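What follows is a short report on a single structure.
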Amino acid sequence: MVSKMTFLGLAGAFALLQATAAHATLLDWSYTAANGTMGGGTFTADQDLVDPAIFHLTSVTGTIDGLTILGLSGYDGADNQVYATSPVVVDTAGIAFDVGGGLNFNIYEDFGNFPPPSPYACAAHYCIEGPAVLGQTAGAAPIRALDALNITVHGGGAAVPEPASWALMLMGFGGLGAAIRTRRKLGAA
């Protein structure tokens with residue numbers, strides 16, 4: 001009986017842990033560059049389990065400088081994450097976009113790099129670099145200041161569990177309840 005109780009307790013705890021996994025969150029984004037170019041679209045992101053203020057971007061749709069975005073890339077060391085502060089911010093590693101043909105863009109925070117003469121400086125809070133060929137030396141592509149960068153988290157970042165997560169959570173509570181009930185029966189005997 002003790003092994004059955006242990007099994008039910010472990011199964012219940014496992015189901016509860018699985019039900020608390022991160023869920024995809026949608027973020028709208030848009031920018032306007034100093035030269036009048038613009039872009040925007042939607043990110044899908046996973047909220048960090050350790051620091052809920054960090055969103056790891058997993059996919060992107062939209063346009064950048066009039067080009068259709070095919071996905072995220074690792075151009076120029078981008079970490080492709082945002083911080084859900086008020087307002088939402090991008091760090092100095094930035095967000096990199098693949099537009100096909102081997103061309104990439106990177107939107108990043110220029111904190112600490114301005115004012116010029118830093119070769120990476122655009123003398124604004126946020127910069128856009130590109131189009132650049134993947135593997136091109138950082139700073140070799142055109143760099144422009146952004147007049148505006150807006151990122152909005154849908155629903156304030158609160159994840160709503162999917163039906164499968166609810167089922168796992170209910171199984172977890174059921175397993176823990178069965179383990180407690182079995183333990184009580186053993187204690188009474």
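The values are calculated or read from the model by the stated rules, or taken from the named source; none is laboratory data. What you are looking at is a predicted structure, and each value in this text was computed from that prediction instead of being measured. Cβ: placed from backbone, ideal geometry, glycine included. Neighbour counts: every protein chain shown.
Looking only at the stretch 52-94, filter to residues that are of a type in the set (Asp, Glu) and touching a residue at least 24 places away in the same chain (Cβ under 8 Å); which one of those is surrounded by the most Cβ atoms within 10 Å (Cβ to Cβ)? Can you show your working first?
At the first step, the residues of the stretch 52-94 found to be of a type in the set (Asp, Glu) are 65, 76, 79, 91.
This time we only want the ones that are touching a residue at least 24 places away in the same chain (Cβ under 8 Å), so: 65, 76.
Numbers: Asp65: 18, Asp76: 22.
Going through the qualifying residues, I end up with Asp76.
(1) within 16 Å of the chain's Cα centre (by Cα); (2) hydrophobic (A, V, I, L, M, F, W, C); (3) surrounded by 15 or more Cβ atoms within 10 Å (Cβ to Cβ): which one isn't true of Leu49, the others all being true?
So Leu49 meets the others, but not (3).
Would the stretch 101-117 turn up any residue that is assigned to a strand (DSSP E or B) and surrounded by fewer than 17 Cβ atoms within 10 Å (Cβ to Cβ)?
So in the stretch 101-117, the residues assigned to a strand (DSSP E or B) come out as 103-109.
If we keep only those that are surrounded by fewer than 17 Cβ atoms within 10 Å (Cβ to Cβ) too, we end up with none.
No; the residues of the stretch 101-117 include none that is assigned to a strand (DSSP E or B) and surrounded by fewer than 17 Cβ atoms within 10 Å (Cβ to Cβ).
Okay, residues lined up against (1) under 26 Å from Trp29 (Cα atoms); (2) modelled with pLDDT of 65 or more; (3) of a type in the set (Ser, Thr, Tyr):
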position: Gly112; (1), (2), (3): yes, no, no
position: Ala124; (1), (2), (3): yes, yes, no
position: Leu134; (1), (2), (3): yes, yes, no
position: Leu149; (1), (2), (3): yes, yes, no
position: Leu168; (1), (2), (3): no, no, no
position: Gly172; (1), (2), (3): no, yes, no
position: Gly177; (1), (2), (3): no, yes, no
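Specify which of the listed residues (Ala34, Ala19) is at pLDDT below 95, in contact with a Lys or Arg (Cβ under 6 Å, 6 or more places away or on another chain) and either of a type in the set (A, V, I, L, M, F, W, C) or surrounded by 14 or more Cβ atoms within 10 Å (Cβ to Cβ) (or both).
Selected residue: Ala34, the only one of Ala34, Ala19 that is at pLDDT below 95, in contact with a Lys or Arg (Cβ under 6 Å, 6 or more places away or on another chain) and either of a type in the set (A, V, I, L, M, F, W, C) or surrounded by 14 or more Cβ atoms within 10 Å (Cβ to Cβ) (or both).
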